[in-house]
Amino acid sequence: MKLERQGETIAWEARGDPGAPCLVLLHNLLTDRTVWDGVAERLAPGLRLLLVDLRGHGESSARAPFDVAALAGDLLAILDAEGVATAEVAGVSLGAAVAVELARQAPARVRRLVLL
């Protein structure tokens, strides 16, 4: 799936059970959402998973400079597009920084953080 935000295309993939609790998976710098494929395969039967390509990675564009706050804003837009009120968020490196910023910007939207 894709959305447009601040002139950028932000891509993500939804897997698993749409009625289950939501877990957002955020990759590290210079990778994309596919780094989570093995984990997602194991978790999908019991969770709703959102695998995100952060700006400038995978299918997401980065035509202009951005910061971690903008990436967290992208995640809020994805949660809104998916109709997710609250989620657990797991991130590696850059993804962990974005997860923390998301929790700072919208604490009521984040149930739990897993920071790697």
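Where a number appears in this text, it was derived from the coordinates with a stated rule and is not lab data. Predicted model only: the values in this text are computed from it and were never measured. Every residue, glycine among them, receives a Cβ derived from its backbone with ideal geometry; neighbour counts consider all protein chains shown.
Observations
- Near Cys22: Cβ cut-off under 14 Å, other residues only, Lys/Arg at +1 and Asp/Glu at -1. The net charge is 0.
- Multiplying the residue separation of Ser61 and Ala106 by 0.36 nm and removing their Cα-Cα distance gives an extension gain of 13.8 nm.
- Computed from Cα atoms, the angle from the helix 68-82 axis to the main principal axis of the chain rounds to 50 degrees.
- Computed over the chain: relative contact order in percent, which uses C-alpha pairs under 8 Å that are six or more apart: 28
- Each residue of region 37-48 was assigned a 3J(HN,Hα) from its phi angle through the Karplus expression (A = 6.51, B = -1.76, C = 1.60, θ = phi - 60°), giving 3, x, 5, 4, 4, 6, 8, 4, x, x, 9, 9 Hz with x at Gly and Pro.
- Rounded to the nearest 500, the 222 nm mean residue ellipticity of the chain from helices alone is -9000 deg cm²/dmol, with -39,500 (n - 2.57) taken per DSSP H run of at least 4 residues.
- 12 Å beta-carbon shell around Glu13, net charge (K/R +1, D/E -1): -1
- Evaluating 6.51 cos²θ - 1.76 cosθ + 1.60 at θ = phi - 60° for every residue in region 89-105, the Karplus couplings come out as 10, 10, x, 10, 6, 3, x, 5, 5, 5, 4, 4, 5, 4, 5, 6, 6 Hz, glycine and proline recorded as x.
- Thr9/Val39 FRET efficiency (R0 30 Å; Cβ-Cβ; nearest 0.05): 0.75
- For region 7-15, 3J(HN,Hα) per residue [Karplus equation, 6.51 cos²θ - 1.76 cosθ + 1.60, θ = phi - 60°, Hz, x = Gly/Pro]: x, 10, 9, 10, 10, 7, 10, 9, 9
- Label zone at Leu115 (point 7 Å along Cα-to-Cβ), backbone N below 20 Å, region 71-97: 71-76, 87-97
- Under a 5 Å amide H cut-off, with hydrogens placed 1.01 Å from N, Val110 pairs with Ala87 among residues at least 5 apart or on other chains.
- Other-chain or far-sequence residues with amide H under 5 Å of Thr9's (modelled H): Ser61
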